[in-house]
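The numbers here are math on the coordinates, done by the rules we state, and not lab data. Being a predicted model, the structure only gives us computed values, none of them experimental. Here the Cβ positions follow ideal geometry from the backbone for every residue, glycine too, while neighbour counts run over all protein chains shown.
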């Protein structure tokens, strides 16, 4: 029998308690769990987070100032680098904004081709976000499976425009080339293969008890607060408001298609995961419908003052060469107008506010970036939770640093 | 495409120069250490923007960086050998890069991936650092915007060459100490005391 | 809700504060006096139900007497209508009321506008620089400042056409 009487007396040493009630913990800017460079300074009461303050701007590249110097075509590579997980979506959004400025209408074929590319970009972004949510809760397998599918999407981009990630895809008024037979073959293969991979990914995480325990009730946001904070995209839809720019103000013939806008209830991490998962299924359906019902027509619009001539003529004749040079260097003028045009980005409403003064470059270009607007609400979402829940909330709201700082 | 019954042809890697006989292989210490080090580099992926996503693709199953020995990514600089800076470094972030570099233990190498890390890239603006070689000494630059995974792997292989052929005394040499001093990084060990 | 009745309501409520209305732009645009901006936006939010703040940005016109401007984009979600409001302030007196009590989304947007243009938002809970470094002593998006950093040593302007 142990003699434990020695330990029954209370310790006589005095313990000095720190006078300040809360600890400060610095999360970032370099941290394995922050997906991008941004810093959170957390005020903690033991393990519970009491308050948080963010510092961003660690990758501020002054896009808006650069855009005042660049002609309209040279801004497309800048928009690539906003949300670099879904670059073609930003490119097409910018081209739609310039078309609104010039008053150009695109035909149905171009619209359907654009829908295919934008939905591919949306799938690409949601695949990263959902798999990284899995990684942050400890499930690394889904990430590796899903990245293989993203390689296939990169191959399709390469076939369409030559680049894997920062695509600079399309032209004002359409595309520079039609979808080649290889691209269509790869698209069809993707459409048969991706649903199987998505189902396998869902069996790993969607009804996984550990994942559900970790994500249900974590990082909630109510619908009224979300609207006040300016949330858009999957976060607002997970909170219960069905605002989707593709349905509200249809652009690029989205109103020809019938797709569900998924809506959650509590706005917590599990709802965001499910909303993104459902949006991926809807995107697959959209791509399939657009590919099957693609009408005949030209892949570009005659915007004589703006449309780049075809490459065969540029390399062989004189006038198209001069025209090409003048367009890229921005010698062509635009009307004096201002325009706000929004597309449904992977994270929410991506808006372009262009003020044109008739010169070769925009007078002012402002990007309405969804990440920047909803990251303000992060302290409210994590108040009262543990660090591990805060990390999971951060990965589920899909902060892309390029879009945050621009 | 080879049929599944044909044996794939491998290239056997040559051992370093040395004298071998049944039962032993003799070579110089730095060659042996270089061989061991180059095949087990632990990188620190300092991924800030678009090049970081290409790095994630490089670590994926298609372009597997793990087969070069870099399977174990270390996010703590204390345990890392190679600092891979991928993405734009803004002036706000520059002191952080230097702080992370200072925490790494010798021997350490730096790989600048992407045009933005090498020279500022397309962002010649007031807020972007025009190349990380303004704050840390860089060993290999990988250009590209973003570089393809094959290019990142080639940059990594060049780092492996540097690692394999490095002299064991390099980190204590006066040239190296002067190089770090030019960046404002003070080394503090018995060889540099007083320099 | 249609824009004509909206114009009438605004004119009878605020009269002289509405300087200019342009219904022919891509979305309904109006220029208002900067000292009445908070009551106007509160009216639009509460009475006319424009309950979503899409965007808030700044702009600089060096040729006008009131050089700096703040541009608000509001959105009526139920009726799917947007509205754009512009308010101008002068460079020597760049003060305007903050609309953070009405829309929490304006918090960081106003900090970004302050960071880029130097417009002071009165009543903002935490007005400090957000994207640039704290020790930056000028407001970079104003038209008089260059894009490039003048102190950089490795790029020769002659080769870059500047």
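In the distance distribution for chain B, Cα-Cα pairs more than 30 Å apart total 28 percent. With axes computed from alpha carbons, what is the tilt in degrees of helix C:37-46 against the longest principal axis of chain C, rounded to the nearest 10 within 0 to 90? The helix C:37-46 is inclined about 50 degrees to chain C.
For chain B, what is the percent of antiparallel DSSP beta bridges, rounded to the nearest 5? In chain B, approximately 25 percent of DSSP beta bridges are antiparallel ones. Other protein chain C-beta atoms within 10 Å of residue C-beta, averaged over C:100-108: 5. If you look at the Cα atoms of segment A:173-320, you get an Rg and a Dmax of 20.8, 67 Å.
Here the gap between residue A:151 and residue A:188, fully extended at 0.36 nm per residue and compared with their Cα-Cα distance, gives a gain of 11.8 nm.
When the Gaussian network model of chain B links Cα atoms closer than 10 Å, the mean-square fluctuations of B:161, B:71, B:175 top out at B:175.
Taking Cα atoms only, the orientation of helix A:387-396 departs from the longest principal axis of chain A by about 10 degrees.
Please report, in whole Å³, the volume per residue of the convex hull around the C-alpha atoms of segment B:77-167.
Cα convex hull per residue, to the nearest whole number: 81 Å³.
Placing dummy labels 7 Å off each Cα toward the beta-carbon, the span from residue B:99 to residue C:16 is 5.5 nm. Taking a quarter of the surface of the Cα convex hull of chain A, what do you get in nm²? Over all viewing directions, chain A projects a mean Cα-hull area of 25.5 nm². Cβ crowding within 10 Å, taken as a proxy for footprinting-reagent exposure, orders C:28, B:123 from fewest neighbours to most as C:28, B:123.
Test of understanding: in a Gaussian network model of chain B with alpha carbons linked when under 10 Å, which of B:139, B:64, B:14 would top the mean-square fluctuation ranking? Of B:139, B:64, B:14, the most mobile in the Gaussian network model is B:14.
Counts of other chain beta carbons within 10 angstrom of each beta carbon in peptide B:44-51 average 5. Calculate, in whole percent, how much of the Cα-Cα pair population of segment A:92-221 lies beyond 27 Å. So the pairs more than 27 Å apart make up 34 percent of the total in segment A:92-221.
Relative to the longest principal axis of the Cα atoms of chain A, the long axis of helix A:108-136 makes an angle of roughly 20 degrees.
The modelled label-to-label distance for the pair residue B:188/residue A:242, using points 7 Å beyond Cα in the direction of Cβ, is 6.4 nm.
Based on the Cβ-Cβ distance from residue B:14 to residue C:8, what FRET efficiency comes out when R0 is 51 Å, to the nearest 0.05? It comes out at approximately 0.05. With neighbours defined as other Cβ atoms within 10 Å of a residue's Cβ, the residues A:281, A:94, B:109 order from fewest to most as A:281, B:109, A:94.
Going by how many other Cβ atoms sit within 10 Å of their own, how do B:21, B:40, A:137 line up, fewest first?
Lowest to highest Cβ neighbour count: B:21, B:40, A:137.
Set the Cα radius of gyration of segment C:3-146 against 2.2 N^0.38 Å, with N its number of residues, and you get 1.05. The mean number of Cβ atoms from other chains found within 10 Å of a Cβ in peptide A:143-152 is 3, as a whole number. Sorted from greatest to least, the principal axis extents spanned by the alpha carbons of segment B:124-195 come out as 44, 37, 14 Å. Computed from the Cα positions only, the extents of segment A:300-406 along the three principal axes stand at 67, 31, 20 Å, in decreasing order. Dividing the Cα radius of gyration of segment C:1-74 by its Kirkwood radius returns 0.95 for Rg/Rh.
Each 10 Å bin from zero up to the one holding the largest Cα-Cα distance in the protein assembly as shown carries the following percent of pairs: 2, 12, 22, 25, 20, 11, 5, 2, 1, 0, 0.
For residue A:318 and residue A:207, the difference between the fully extended length at 0.36 nm per residue and the C-alpha to C-alpha distance is 33.7 nm. With a 10 Å cut-off between alpha carbons and a GNM built on chain C, which of C:85, C:18, C:27 moves the most? Looking only at C:85, C:18, C:27, the biggest GNM fluctuation is shown by C:27.
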